[in-house]
1. So if we plug the beta-carbon distance of residue 19 and residue 64 into 1/(1 + (r/R0)^6) with R0 = 35 Å, what FRET efficiency do we get, rounded to 0.05?
2. How do 98, 264, 176 stack up against each other in accessible area, from largest to smallest, with a 1.4 angstrom probe?
3. Got a number for the accessible area of residue 246? Probe 1.4 Å, square angstrom, nearest 10.
4. Which net charge results when you count Lys and Arg as +1 and Asp and Glu as -1 among the other residues whose beta-carbon is under 12 Å from that of residue 227?
5. Using only the heavy atoms of the protein chains and a 1.4 Å probe, how would 108, 199 rank by accessible area, largest first?
6. In Å and on Cα atoms, what radius of gyration and Dmax does region 237-293 show?
7. Evaluate the relative contact order of region 1-54 (contact order divided by residue number), counting alpha-carbon pairs under 8 angstrom at least 6 apart; express in whole percent.
8. On the full set of protein chains, 1.4 Å probe, figure out the accessible area of residue 68 and give it in Å² to the nearest 10.
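The values are calculated or read from the model by the stated rules, or taken from the named source; none is laboratory data. What you see is a predicted model, and the numbers here were worked out from it, not measured in a lab. A quick note on method: Cβ atoms are made from the backbone with ideal geometry, for glycine too, and the neighbour counts reach across all protein chains shown. Each accessible area value is taken on the protein alone, full model and side chains, heavy atoms only, with ligands, DNA and RNA left out. Shrake-Rupley method; radii C 1.70, N 1.55, O 1.52, S 1.80 Å.
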Amino acid sequence: MDKLSLAALLEEDREMIVANLARDRSPEAAQSTLEKAVDRVMYRYTEAAGSETLCDAAQHILQAIKNTLPMIGAVGEARTWKKELPKGEKQGLRLNVWTVLTLLAGILLVAASVTAVMISGQIGGAIALIKALLPTALGCAALFLAGTMAARPKKAKPADAPDARTEFLVDAEKAWHILHGAMLLADGQLERIREEDALRAQDRAAANPAVEVSGPALELFAELLESACASKDESARESASAIRFFLHNAGIEALDYAEGCESWFEFLPAPRPGTLRPALVSGGRLLKKGLAAR
């Protein structure tokens, strides 16, 4: 890509992210999907940024985005699930103490009225029937009440109350746009940091005279140092010392060969190891390779 950006890296995973969000729309699953997407962007950005300052800034910004993911307003739908209990469901006959007593009372009243009629005989039967009518009616009422009490449905307990549950569903496109917008804001912050870092580098370069010692001048100093190292003359060693001092004041160090600095030197076979031409280094950056024997 021409210009590294968090939003561009996120765009590469757009189809996968939206598909994962649509597959499971619960807020928990959506948060996990977005966190993984941020982690992938962070990994690829820090691998390709090439600047320690930008890498550190990107990690802090993306971590802040991850921390705010549980607060995103991407819920686009809410479903309420309610468990309804069957109304008037019979639980079988309920023969408790009061039901049994009422049933027995009704049976006794009816039996008493019938017995009274049988005992009275034919004489005065009509009067006896009228007298038996009241207990018969009471007995029938008692029997009806007993049947009603026995067949009455059981009252629902508080624990049997209807169970209601609300399910919140995330809008996949809305969640994507929220995360993409956060990446655009992060890119703005990183661009500002990149510009500030470039300005600081320019200030350091302007304050460093090493920029004035480059090209042909650098080649000339390298050749003079090589000649001084090859010469055994005292004046040549003094000239080499003066050149080293001048380069030091210009921000350039003339380094002799030592273990661990092999990448800064070219080598020639020789009976004895030593420096044939110092390496010229400025701020840890190699300007001119040295020459050494080994």
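1. Details: r = 26 Å, r/R0 = 0.75.
So, using R0 = 35 Å, E works out to roughly 0.85.
2. Details: 98 180, 264 60, 176 5 Å².
Largest accessible area first, the residues go 98, 264, 176.
3. Result for residue 246: roughly 100 Å² accessible.
4. Working: positive: 232, 237, 277; negative: 223, 226, 233.
Residues close to residue 227 contribute a combined charge of 0.
5. Values: 108 120, 199 100 Å².
Solvent-accessible surface, decreasing: 108, 199.
6. Rg then Dmax for region 237-293, in Å: 11.5, 35.
7. On the way: 23 pairs, mean separation 25.0, N = 54.
Worked out over region 1-54, it gives 46 percent.
8. Number for this one is 80 Å².
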